[in-house]
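First comes the structure, then the notes that go with it.
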Amino acid sequence: MFLLLPFDSLIVNLLGISLTVLFTLLLVFIIVPAIFGVSFGIRKLYMKTLLKIFAWATLRMERGAKEKNHQLYKPYTNGIIAKDPTSLEEEIKEIRRSGSSKALDNSAEFELSDIFYFCRKGMETIMDDEVTKRFSAEELESWNLLSRTNYNFQYISLRLTVLWGLGVLIRYCFLLPLRIALAFTGISLLVVGTTVVGYLPNGRFKEFLSKHVHLMCYRICVRALTAIITYHDRKNRPRNGGICVANHTSPIDVIILASDGYYAMVGQVHGGLMGVIQRAMVKACPHIWFERSEVKDRHLVAKRLTEHVQDKSKLPILIFPEGTCINNTSVMMFKKGSFEIGATVYPVAIKYDPQFGDAFWNSSKYGMVTYLLRMMTSWAIVCSVWYLPPMTRETDEDAVQFANRVKSAIARQGGLVDLLWDGGLKREKVKDTFKEEQQKLYSKMIAGNHEDRSRS
């Protein structure tokens with residue numbers, strides 16, 4: 001029979017005590033607060049401490065750079081070309097005035113100087129493209145001890161280098177294992193809990209348990225990211241029979257919203273771990289999953305969504321109409337599908353604070369595993385969520401106009417840039433219809449002047 005030596009026995013006892021203490025701490029400070037939706041304020045204290053450290057580090061770098069006569073900040077702006085909001089006709093008029101004595105009103109024919117307008121617009125788009133820069137992470141103007149979020153800083157002092165190294169050790173050796181353990185706990189409880197609830201007969205008790213299992217598990221996952229979320233105007237939270245639409249920065253947007261509300265998810269059926277989670281969730285809650293072959297069938301998707309929202313007892317649907325992740329600076333075109341079915345829309349604006357970690361998922365650069373690793377090795381995820389008053393489609397409004405009105409409201413509330421461009425340009429070429437619009441404007445300008453001239 002194998003006997004443990006005294007030293008080995010001591011190690012085993014210490015390991016057992018450590019695991020017991022760790023489990024107790026997780027239960028008391030993470031799982032139980034997640035069940036009841038309360039917080040001890042530890043994360044907010046952690047955030048305030050980080051802000052003080054960041055402020056000290058930035059001041060130290062500025063002082064060191066000044067002593068060494070180094071440029072600390074590189075010029076960085078969202079736009080490098082000043083653009084006046086003028087129309088095509090006005091700009092061509094100005095070009096013709098500066099090039100010759102003929103104005104557009106006196107000359108309806110094509111002039112060679114007109115091509116300078118299109119050449120300049122093309123060069124401006126190449127130099128300062130307002131679309132593709134929305135698919136890359138925004139750069140900070142102050143240092144948060146993460147080299148990934150700002151490339152403007154260089155070596156300043158040994159003290160700062162030691163502080164950065166200490167931060168790496170804390171994030172990778174303490175926070176990362178703790179966060180992985182919490183994420184594993186949250187996902188495991190979600191799969192097991194929803195599977196068990198799924199076997200209960202339909203009724204209020206099943207709905208009650210399903211709601212609280214979902215909320216508990218999402219709140220544990222939020223704590224796995226050390227997410228500090230501020231919710232505003234909770235009186236406007238989405239209600240049954242409606243559609244919740246929000247701007248989309250990251251896959252964790254779902255967790256951010258689902259930790260404060262109970263939603264029916266919409267998405268494509270996946271395989272692997274995600275497929276296991278989806279199959280477990282749908283047993284306890286009427287989520288809407290589509291097969292890969294069904295996703296592109298707009299009529300089928302619209303039919304399933306319409307049937308869901310017409311039943312006022314069913315949960316609000318959570319949708320991200322942009323269809324892709326946009327960096328934390330703007331909102332791009334909303335797909336009109338979810339605005340065609342005549343349901344009440346509950347807009348939600350989400351804005352992340354990049355000081356503590358960049359939540360944007362650049363899917364063309366990072367896979368999901370790499371992205372989650374970056375999230376779990378950031379200092380924290382800090383964001384604000386605004387629930388806007390519900391909106392309905394007006395009688396003289398089509399689906400596109402309604403979608404644009406909702407998008408503008410979200411952009412205003414979140415302090416985001418409202419863009420008309422399609423987020424699909426992240427992976428696709430510009431559609432010919434966009435080019436044809438400019439051609440039609442120019443031809444209409446010329447043809448219109450011809451008609452005015454003939455009438456006179």
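Annotations
- Within region 326-378, considering residues that are of a type in the set (Ser, Thr, Tyr), over 13 Å from the mean Cα position of the chain (by Cα) and modelled with pLDDT under 85, the one surrounded by the most Cβ atoms within 10 Å (Cβ to Cβ): 338
- In region 249-270, the residues that are open to solvent by less than 20 Å² (accessible area, probe 1.4 Å), among the β-branched types (Val, Ile, Thr) and within 20 Å of residue 185 (Cα to Cα): 252, 256
- Set side by side, the residues 301, 276 differ, and just one is farther than 30 Å from residue 54 by Cα, touching a strand residue (DSSP E or B) at 6+ places or on another chain (Cβ under 9 Å) and of a type outside the set (Gly, Ala, Ser), which is 301.
- Residue check, residue 258 under 30 Å from residue 170 (Cβ atoms), touching a helix residue (DSSP H, G or I) at 6+ places or on another chain (Cβ under 8 Å), at pLDDT 90 or above and not charged (D, E, K, R): yes
- Residue 273 vs. criteria under 30 Å from residue 394 (Cβ atoms), aliphatic (A, V, I, L, M) and surrounded by fewer than 17 Cβ atoms within 10 Å (Cβ to Cβ): no
- Candidates 20, 49 - the one that is under 30 Å from residue 212 (Cα atoms), modelled with pLDDT of 75 or more and out of contact with any Ser or Thr (no Cβ under 7 Å at 6 or more places or on another chain): 20
- In region 379-403, the residues that are part of a helix (DSSP H, G or I) and either at pLDDT below 90 or surrounded by fewer than 17 Cβ atoms within 10 Å (Cβ to Cβ) (or both): 399, 400, 401
- The set of residues from region 255-271 being in a loop (DSSP other than H, G, I, E, B) and either polar (S, T, N, Q) or in contact (Cβ under 8 Å) with a residue 40 or more places away in the chain (or both) comprises 259, 260, 261, 262, 263.
- Odd one out for residue 407 among (1) more than 16 Å from the chain's Cα centre (by Cα); (2) surrounded by 11 or more Cβ atoms within 10 Å (Cβ to Cβ); (3) modelled with pLDDT of 85 or more: (1)
- Listing of helices (runs of 4 or more DSSP H) fully contained in region 272-378 that carry 3 or more residues being more than 19 Å from residue 146 (Cβ to Cβ): 272-284, 298-310
- Candidate set from region 199-248 (those that are charged (D, E, K, R), out of contact with any helix residue (DSSP H, G or I) (no Cβ under 8 Å at 6 or more places or on another chain) and under 29 Å from residue 42 (Cβ atoms)); member that is most open to solvent (accessible area, probe 1.4 Å): 235
- Hits in region 435-456 - residues which are open to solvent by less than 70 Å² (accessible area, probe 1.4 Å) and either in contact with a Leu (Cβ under 6 Å, 6 or more places away or on another chain) or at pLDDT below 65 (or both): 448, 449
- Any hit, region 291-314, residues being open to solvent by less than 30 Å² (accessible area, probe 1.4 Å), within 21 Å of residue 198 (Cα to Cα) and free of Cβ contacts under 8 Å to residues at least 40 places away in the same chain: no
- Only residues that are of a type outside the set (S, T, N, Q), open to solvent by less than 80 Å² (accessible area, probe 1.4 Å) and in contact (Cβ under 8 Å) with a residue 12 or more places away in the chain were counted in region 172-198, giving 14.
- In the condition set (1) in contact with a strand residue (DSSP E or B) (Cβ under 7 Å, 6 or more places away or on another chain); (2) at positive phi, residue 203 is compliant with all but (1).
- Residue selected from region 52-62 under the condition at pLDDT 75 or above and not aliphatic (A, V, I, L, M), by the criterion most open to solvent (accessible area, probe 1.4 Å): 52
The values are calculated or read from the model by the stated rules, or taken from the named source; none is laboratory data. Just so it is clear, the structure is predicted and the values come from calculations on it, not from any experiment. Counting neighbours? That spans all protein chains shown, and the Cβs are built from the backbone with ideal geometry, glycine included. For the accessible areas, the whole protein counts, side chains as well, though only heavy atoms, and no ligand, DNA or RNA atoms are used. Shrake-Rupley method; radii C 1.70, N 1.55, O 1.52, S 1.80 Å.
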